[in-house]
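Q: The structure under discussion is supplied below as structure tokens; questions concerning it will follow.
The values are calculated or read from the model by the stated rules, or taken from the named source; none is laboratory data. The shown structure was predicted, so the numbers you read here are calculated from the model rather than taken from an experiment. Note: areas computed on protein heavy atoms with side chains; ligands, DNA, RNA excluded. Shrake-Rupley method; radii C 1.70, N 1.55, O 1.52, S 1.80 Å.
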Amino acid sequence: MEKELEKLKLYLGIGDKEQDELLCLLIEDCKARLNSYINQDGVVAVTLPESLSWIVRELTIQRFNRIGDEGKTSSSESDVSASWNYDDLAEYIKYLDPIRVRRGGRGIARFI
């Protein structure tokens, strides 16, 4: 996790270790959400491939930037405003669905 933490701090422009604990917790939570999504059909064997680790970073940055504004869809202060998606994972579904393991068939049943 040290490597992930350093990359995240570089993106956020954080040079000290003051927020390391918080950032590690956010990374852990984002990984848990992603693993929960890709294993939602009951097969808890798939982990997020290294090639998609950028998703963890992006989700963690989004979550970090939203601290204090949880539950809101937008926020503004002076001339600066920000808005967030309700579902953070929505924009990554196209990358996550191919690695999801689904149980059962293709969803078609025919009885004769």
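Q: May I ask you to rank 31, 17 by accessible area, largest first, using a 1.4 Å probe over the protein chains only?
A: 17, 31
Q: Stretched out fully, how many nm does the piece from residue 10 to residue 80 gain, at 0.36 nm a residue minus the Cα gap?
A: 22.9 nm
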